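In what follows, a single structure is set out as structure tokens and then discussed.
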Amino acid sequence: MNNSASTDQQLDTYIAACESRCGPNDDLPAVILQGQGYHTTMPNGSTVHHTRDALDYALALFTEGGGESVARAIRIVRRVLEMQDRDICSRSFGIWPWFFEEPISAMRPPDWNWADFIGVRLAHILRMHGERLPEDLCGDVAKALEAAAFSIFRRNVGPEYTNISVKGGVVTVMAGEQLGQPVLLAYGRRRLARFLEHTRRHGGFNEYNSPTYGVVVLVEVERGLLLVKDAETRTCLTAIHELCWRLLAASLHLPTGQICGPHARSYEDLLRPEYACLFGAALGERIFVPSSLTRGGDGGSFALIPRIPCPEPVRREIRDAPTVRFVRQDYVRTDNPEEQRRGTHWFGGDACIGSVNLDNLWQQRRPIIGYWRVGDEVAVLRVRLTHGGADFASGSLRTVQEGAELLSLCSLVTNRADSHDHLDMPPDGIFRFDQLALSIELSFSGATVRALKSGGFELSAGDHAVTVSPLHAEFGTYPVVWTTTSEDGKACVRAVVNDGQPVVLQPAKMKNVGIGFHLALHRVGDSVAVTGRAEVCADSVTLVSESPRASLALTAPRHPVELRQIKT
């Protein structure tokens, strides 16, 4: 392990933070649930104890090594093992619930990823601290790890499921090594090798440019290189580690300390401070963190796995990147344009904005997102389709981008759900909302919005502004009206469907749906002379825009269509 004073201090701080959340007679750290409303039926505001967090705490206690710490860690491990489904005939065999308060049978549905998330931590404990476990517990951990590994084997996710493909590969390799299971070892090797080949062939992670899962992949690769002995696997993990950093080099924007959009999977708009610290440790330099976030996140669990430095050529590439640059990055390469995914990043000094050519708009997607520095803070620009403030997963966004100008069309897709990508699809395919609106949001204290004489709008904060030019609006039989809203910390340009009144949507049977606009990020005071139009045909709509900086054109289906994804 990394025995530096800073790492020891980070670990001590993490343990103290966990202890502060334990009850007087409880070994488990508690949190107040503020979840995203799927998998669990526990209501937000409930006091819960995470199975995953409990094992991170146990790993930290084992690492600290004191007598009482080890005794507490052993008690925690026993409690976690009790929560696993060990019925080999059960569909959820080998997995755990998220929370001690909610058994697997109560989840809607269970999260099969928990075989991977918990399994990798049990393998870590067994490899690094197995000699500290009582003999009976050591055997029980081995059995639990074996069940988790065979659950992963049975599920067999493809390489397009980026973070779970890697994590499950690491778990099965470690289980194969530690338990003497050659089938699992061979499977894990093949899974990781397939992931590497697949990602190289497509140009990037299919779950593209994710601040959350990019870190998960990086950390699990580093965990694997810490714990795995198999030479073939280590070679593959080293190659994946370099690939992670090469992809990160294409999107990390040091002036804002953010990963430039687009993001396939993200839980927050701003990079977590603990992720910035992780990147900084590997790069050997401090990553900017907005002052409002410096108290967020402890990141102490990262101290359990020593950082592997970013490969030097990639580090130089990140450090010496031109101040102004324009990057296109493939994520899915295929002959079918409806399955292709390509990201675009524009970097302009202390600002950046990125987009993907096509994706849906569920709450973990950021198909368009931009950032810029305002003093010690960062302003965030985001495009969303919302009802009651919640993101609508059956919304879609098609975008073309050149420099800091974008042309986009928002529509609907026929094969996605409501708040989640697929978990909460209504059985009859009909969505009923009190209101629905496309929202172009600028989040920053003091952000402003104003209407322009041209018919467009301007959102601004600090030295930068975004000009929004509406070009097209139809939504089945419902009218669409462009308007603005402003509240503390957020200014918005909104295309409101049905004047804010209730709507009933059945995307598979709707016609003539599309809200199109041009968007330009620029310095405050710089004029953006844009002319644009929409050319409407029976089954398609073409948006065209002209400005001194870019000529853009986008053709899209006029009716909702299925969102196609790569088949492996």
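The values are calculated or read from the model by the stated rules, or taken from the named source; none is laboratory data. Because the structure is predicted, anything quoted here is derived from the model rather than measured. Using ideal geometry, Cβ is built from the backbone for each residue, glycine included, and neighbour counts are taken over all protein chains shown. The area values use the complete protein model at the heavy-atom level, side chains included, leaving out ligands, DNA and RNA. Shrake-Rupley method; radii C 1.70, N 1.55, O 1.52, S 1.80 Å.
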(message) Using alpha carbons only, how many angstrom separate the centre of the stretch 30-64 from the centre of the stretch 218-255?
(response) 27
(message) Through the Karplus equation 6.51 cos²θ - 1.76 cosθ + 1.60, θ set to phi - 60°, convert the phi angles of the stretch 330-337 into ³J(HN,Hα) values in whole Hz; use x for Gly and Pro.
(response) 6, 10, 9, 9, 7, 6, 8, x
(message) Within 11 Å, Cβ to Cβ, of Met425, how many net charges do the neighbouring residues add up to if Lys/Arg are +1 and Asp/Glu are -1?
(response) -3
(request) Could you state the angle between the C-alpha long axis of helix 135-155 and the longest principal axis of the C-alpha atoms of the chain, as a value from 0 to 90 degrees rounded to the nearest 10? (result) 30
(message) How large is the accessible surface of His420 in square angstrom, using a 1.4 angstrom probe and rounding to the nearest 10?
(response) 10
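Just subtract the alpha-carbon distance of Asp330 and Thr483 from 0.36 nm times their residue separation and send over the number in nm, one decimal. Display every interim value, and only then the final one.
Values: separation 153, 0.36 × 153 = 55.08 nm, distance 3.50 nm.
Stretched fully, the Asp330-Thr483 segment lengthens by 51.6 nm.
Cβ under 15 Å from Phe100's Cβ, Phe100 left aside: what net charge do those residues give with Lys, Arg +1 and Asp, Glu -1? Intermediate values should be presented prior to the final figure.
Details: positive: Arg21, Arg52, Arg75, Arg78, Arg79; negative: Asp26, Asp27, Asp53, Asp56, Glu82, Asp85, Glu101, Glu102, Asp111.
Residues near Phe100 contribute -4 overall.
First compute the accessible area of the stretch 231-272 with a 1.4 Å probe, then give the percent of it belonging to carbon and sulfur atoms. Mind showing how you got there, number by number?
Working: 670 of 1260 Å².
Percent of accessible area from carbon and sulfur atoms in the stretch 231-272: 54.
Per residue, what accessible area does the chain have, given a 1.4 Å probe and all protein chains present, in Å²?
Details: 22220 Å² over 568 residues.
For the chain, the solvent-accessible area averages 39 Å² per residue.
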(request) Evaluate the charge dipole of the stretch 281-420 about its Cα centre and quote only its size in Debye, nearest 20, assuming +1 on the Cβ of each Lys and Arg and -1 on the Cβ of each Asp and Glu. (result) 140
(message) How large is the translational diffusion coefficient of the stretch 280-388 in µm² per second when you combine the Kirkwood radius over alpha carbon pairs with Stokes-Einstein at 37 °C and 0.692 mPa s?
(response) 193
(message) Just to confirm the number: angle between the C-alpha axis of helix 5-20 and the first principal axis of the chain, 0 to 90 degrees, nearest 10?
(response) 90
(request) Heavy atoms only, probe 1.4 Å: what % of the accessible area of the stretch 26-71 goes to carbon and sulfur, would you let me know? (result) 51
(request) Could you let me know the centre-to-centre spacing of the stretch 342-359 and the stretch 367-413, using Cα atoms, in angstrom? (result) 11
(request) Subtracting the Cα-Cα distance from 0.36 nm times the residue separation, let me have the gained length for Ser445 to Glu562 in nm, one decimal. (result) 38.3 nm
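For the stretch 464-568, run through the GluC sites (Glu not before Pro) and keep only the ones in DSSP coil with at most 15 other Cβ atoms within 10 Å of their Cβ. Write down the numbers at each step before the final one.
Numbers: sites: Glu474, Glu487, Glu535, Glu546, Glu562; in loops: Glu562.
When the GluC sites (Glu not before Pro) of the stretch 464-568 are filtered for loop state and at most 15 Cβ neighbours within 10 Å, Glu562 remain.
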(message) If I model a spin label as a point 7 Å beyond the Cα along the Cα-Cβ vector, how far apart are those points for Asn156 and Ala538 in nm?
(response) 4.5
(request) Could you give me the radius of gyration and the Dmax of the stretch 221-337, taking only the C-alpha atoms into account and expressing both in angstrom? (result) 15.7, 46
(message) Need one number: nm distance between label points at Asp428 and Ser90, each 7 Å from Cα along Cα→Cβ, rounded to one decimal.
(response) 3.5
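Want the number for Val183 to Gln506: 0.36 nm per residue separation, take away the alpha-carbon distance, what's left? Intermediate values should be presented prior to the final figure.
Values: separation 323, 0.36 × 323 = 116.28 nm, distance 4.68 nm.
111.6 nm is the gain from fully extending Val183 to Gln506.
Applying a 10 Å radius around every beta-carbon, put 268-275, 322-329, 336-343 in order of their mean neighbour count, most first. Before the final figure, lay out the partial values.
Working: 268-275: 19.8, 322-329: 12.6, 336-343: 16.8.
The most tightly packed comes first, giving 268-275, 336-343, 322-329.
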(request) For Leu563, enumerate residues with amide H under 5 Å from its amide H, sequence gap 5+ or separate chain, H modeled in the peptide plane. (result) Thr414, Asn415
(request) Give the long-range amide H neighbours of Glu101: residues separated by 5 or more places, or on another chain, with amide H under 5 Å away, using H modelled in the peptide plane at 1.01 Å from N. (result) His49
(message) I'd like the Karplus ³J(HN,Hα) series for the stretch 208-225: coefficients 6.51, -1.76, 1.60, θ = phi - 60°, whole numbers in Hz, and an x wherever there's a Gly or Pro.
(response) 6, 6, 8, x, 6, 7, x, 5, 4, 4, 4, 5, 6, 5, 5, 5, x, 5
(request) May I ask you to derive the FRET efficiency for Asp136 and Asn25 from their Cβ-Cβ distance with R0 = 30 Å, giving the value to the nearest 0.05? (result) 0.80
(request) Determine the equivalent ellipsoid of the chain by diagonalising the alpha-carbon gyration tensor, then write out the semi-axes as square roots of 5 times the eigenvalues, largest first, rounded to whole Å. (result) 42, 26, 23
(message) Could you check the spin-label model distance between Asp12 and Ala321? Points 7 Å from the Cα along Cα→Cβ, value in nm.
(response) 3.6
(request) For the stretch 172-253, restrict the atom set to alpha-carbon positions and state the Rg and Dmax in Å. (result) 13.2, 44
(request) Between the alpha-carbon centers of the stretch 157-189 and the stretch 550-566, tell me the distance in whole angstrom. (result) 37
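Carbon-plus-sulfur fraction of the accessible area of the stretch 412-568, 1.4 Å probe, in percent? Intermediate values should be presented prior to the final figure.
Values: 3520 of 7330 Å².
Of all accessible area on the stretch 412-568, carbon and sulfur atoms account for 48 percent.
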(message) Give me, ordered by chain and number, the residues 5 or more places off Trp482 or on other chains with an amide H under 5 Å from its own placed amide H.
(response) Val496
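Tally Lys/Arg at +1 and Asp/Glu at -1 over every other residue whose Cβ is under 13 Å from the Cβ of Ala553; what's the total? Let's see the in-between values first.
Numbers: positive: Arg398, Arg533; negative: Glu402, Glu405, Glu535, Glu546.
Within the 13 Å Cβ shell, the charges total -2.
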(request) Putting +1 on Lys and Arg Cβ atoms and -1 on Asp and Glu Cβ atoms, find which of Val466, Ser46, Ile76 reaches farthest to the positive end of the dipole of the chain. (result) Val466
(request) Calculate one ³J(HN,Hα) per residue across the stretch 490-495 by plugging θ = phi - 60° into the Karplus curve 6.51 cos²θ - 1.76 cosθ + 1.60, and present them in order as whole Hz with x for glycine and proline. (result) 7, 10, 9, 9, 10, 9
(message) At R0 = 45 Å, how high is the FRET efficiency between Thr555 and Arg200 if r is their beta carbon distance? Nearest 0.05 is fine.
(response) 0.90
